[in-house]
Every structure is written in C-alpha cells, then in structure tokens.
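Notes for the one structure printed next.
Every read-out reported here was derived from the displayed coordinates using simple, explicitly stated rules and does not represent laboratory data. Just so you know, these numbers come straight off a predicted model, no measurement behind them. Cβ coordinates were reconstructed from backbone atoms using ideal geometry, including for glycine residues, and neighbour counts include every protein chain displayed.
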Amino acid sequence: MSKKKLVLLLLLAFTLALGCRIDAGRKRIVVGFAQVGAESAWRIANSESIIAEAKKRGIELKFVDCQQQQENQIKAIRSFIADKVDVIGFSPVVTTGWDEVLREAKRAKIPVILVDRGVDCQDDSLWVTLIGSDFVEEGRKAARWLAEKMKGKANIVELQGTIGSAPTIDRKKGFEEIIAQYPEMKIIRSKAGDFTRSMGKEVMEEFLEAEGRNIDALFSHNDDMAIGAIQAIEAYGLRPGTDIIIVSVDAIRAAFEAMIEGKLNCTVECNPLIGRQFFDAVEEIVAGKPVPKRVVVDEEVFPQEVAKEFLPIRRY
Ligand code: GZL
C-alpha cells in the first residue's frame with residue numbers, strides 16, 4: 001500500500017473515531033412527562049404520539065399516567081426534579097394549584113413545557129411554552145355550526161369536561177360567546193361529565209329525565225362524552241342525530257363512525273398528535289435556542305356529510 005493511501009486510511013480512521021467519541025460523548029436527553037390520565041381516546045392518542053416521538057428521537061422518556069389527579073401530577077413532577085431530568089412536560093389536569101411545584105422546577109433550573117392544557121399562574125416565567133389547541137375557538141366553531149344547523153333556535157344541553165380544566169373553561173366560553181348572538185338559542189342544562197363516556201351517558205340520562213323532548217341539541221366538550229350520551233338518548237327512545245342534534249369536540253375515529261351512522265352531527269377537531277412539536281421544543285430548549293411562548297395546533301370542523309370521506313385517513 002502506498003504511503004499516500006496509508007495516510008488517507010489513518011486520517012479516515014481518526015475522523016471516524018473522533019466522530020464516535022463526540023457522539024458517544026453527547027449526553028442523551030432525558031424528559032419527564034406527567035400525563036393527565038387515559039380518560040378518553042383523545043388522551044390515549046396524545047400519549048401514543050409523545051411516547052412514539054421520544055423513541056424515534058432516542059430521547060429517554062419518564063412517562064407517568066396521573067389518573068386525572070392533580071396530586072399525582074405534582075408528585076411526578078417532583079420525582080422528575082429529583083431525577084434531574086433535562087426538561088419536564090405535562091398537561092395540567094386543571095388550571096390552578098401549580099405555582100409551588102413549578103417554582104421548585106425553576107429553582108432546580110429545569111425548563112417546563114405545557115402540553116395541550118394551560119395553567120393560571122401569577123408568574124408565567126414558570127413555564128417556557130404552551131403547545132396546544134385554541135379551546136375558545138373550538139367552542140366558537142361548535143356554536144357557529146350549531147346556530148346554522150338549528151337556524152338560530154334551540155334548547156341546548158351541555159356536557160362539560162373536567163371542571164376547572166382549560167378545555168372546559170375555554171370551550172364553554174367560546175360556545176357561549178357565539179350563542180349570545182342568538183336570543184332563541186339557550187343552554188337549558190349544563191353539567192360536568194369529566195370527559196369520559198360513562199359520565200357522558202350518566203349525565204345525559206339526568207338531562208333526559210329532567211327535560212326529555214324539550215331538548216333540541218347537545219353540545220359535548222368531547223366526543224367520548226357524546227358517545228356515552230348517544231347511548232342514553234337511544235335508551236330513552238329518541239334518535240340521536242335526528243331528534244337531538246349533537247355537536248362535540250376532538251374528532252376521534254369513533255366520532256366519524258357515529259356520524260356515518262347518523263347519530264352524531266358534527267365534531268370539531270382538537271389534534272392530540274403533538275409529540276413532534278413537543279420534542280421539537282425540547283430539543284430547541286436543550287440547545288439553548290428560544291421557543292415561542294405559545295404554539296397553536298391547526299384544526300378543522302367535520303360535519304356528518306364529510307365523515308365517510310375522512311374516516312379512512314383519520315390518524316386517531
Ligand atoms: C383537549 C384535551 C381534552 C380532550 C378530551 O385538548 O385536554 O382532554 O378534548 C381529553 O378528550 O380528555
């Protein structure tokens with residue numbers, strides 16, 4: 001082998017070794033994520049999106065399902081602080097009660113990313129960015145669709161999500177803002193169903209017991225409760241989607257299936273697939289780059305007429 005070739009070979013070997021050492025030297029990012037729970041199909045898709053993206057990027061993810069309990073989320077965040085993770089992410093089950101634990105994360109110099117839901121904190125330097133939907137606009141979209149469908153006249157019952165959660169507060173706010181423009185559209189009953197199918201069914205049974213055929217429409221803060229309500233409406237002897245018009249939020253596959261069956265009339269998309277955006281923000285933060293305080297997820301409205309066309313391409 002000529003001297004020149006030998007030198008080139010040695011140079012190549014050195015460069016590769018250097019590259020490996022640097023790569024080996026690069027610290028693996030460790031992220032702690034305290035998830036609300038597994039209360040709905042939306043939440044399960046959200047968790048799958050986060051877990052899959054961490055795996056794809058080779059990021060170590062400490063993932064805790066907090067069973068819709070704030071104290072479990074606080075405990076999980078404290079464990080992440082003790083483990084000295086690089087970044088903490090969580091979807092706050094409710095908007096209040098986070099200041100103390102977020103101050104602990106700040107003192108530990110661990111950046112916090114809010115995913116999906118926001119918080120009510122005096123000091124918004126306690127979290128770096130919120131990645132999620134505009135729930136107020138989702139409520140407005142549901143109300144605009146319903147006002148057109150009902151020609152501005154309806155007695156509405158409302159299934160609220162988890163009391164005190166950002167989506168519940170804001171979807172209600174947006175919905176009421178729009179129906180205030182229609183004097184003959186009234187919310188005659190409103191109660192929390194905690195975003196679950198079982199509670200949606202139970203509360204709808206109460207609405208039917210109290211109001212029966214006086215109900216023209218249902219606004220449900222998520223599809224899972226709407227699907228529970230459909231079961232209650234059928235058991236009561238009325239036709240969901242015909243006798244009672246139903247608009248809900250999330251746009252899960254089961255909502256498209258219910259629309260194809262004529263039992264649900266419209267679902268407003270709330271995209272749970274935010275794993276990519278979450279870990280983009282994680283990597284930016286770890287690299288010391290600035291990230292926007294708010295990242296809003298783009299979403300559509302899906303009425304019954306388009307359900308068959310879109311179902312095959314729905315990803316959650
Ligand atoms: C909204 C999310 C809500 C969904 C529900 O972004 O927080 O929580 O609408 C889920 O299905 O339980």
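Condition check: within 16 Å of the ligand (Cβ to nearest atom) and of a type in the set (Val, Ile, Thr). Does Val157 satisfy that?
On the way: within 16 Å of the ligand (Cβ to nearest atom): no; of a type in the set (Val, Ile, Thr): yes.
Judged against the criteria, Val157 is not a match.
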Return the total of residues in the range 105-142 being within 16 Å of the ligand (Cβ to nearest atom) and part of a helix (DSSP H, G or I). 8
The range 192-227, residues that are surrounded by fewer than 23 Cβ atoms within 10 Å (Cβ to Cβ), among the small types (Gly, Ala, Ser) and not in a helix (DSSP H, G or I): Ala192, Ala217
Identify, by number, the condition in (1) in contact (Cβ under 8 Å) with a residue 40 or more places away in the chain; (2) within 11 Å of the ligand (Cβ to nearest atom) that Asp170 doesn't meet. (1)
For the range 292-302, give me the residue count where each residue is over 17 Å from the mean Cα position of the chain (by Cα) and either free of Cβ contacts under 8 Å to residues at least 40 places away in the same chain or surrounded by fewer than 16 Cβ atoms within 10 Å (Cβ to Cβ) (or both). 2
Restricting to the range 31-61, name every residue that is assigned to a helix (DSSP H, G or I) and either away from the ligand (no atom under 16 Å from the Cβ) or among the β-branched types (Val, Ile, Thr) (or both). Ile44, Ile50, Ile51, Ala52, Glu53, Ala54, Lys55, Lys56, Arg57
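Could you please give the count of residues in the range 90-104 that are within 22 Å of Ile51 (Cα to Cα) and not aromatic (Phe, Trp, Tyr)? Outline the logic, then answer.
Keep residues of the range 90-104 that are within 22 Å of Ile51 (Cα to Cα), which gives 90-93.
Add one more test, that the residue is not aromatic (Phe, Trp, Tyr), and what stays is 91-93.
So the answer is 3.
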Suppose the filter is outside any helix (DSSP H, G or I) and buried (at least 23 other Cβ atoms within 10 Å of the Cβ); does Leu273 pass it? no
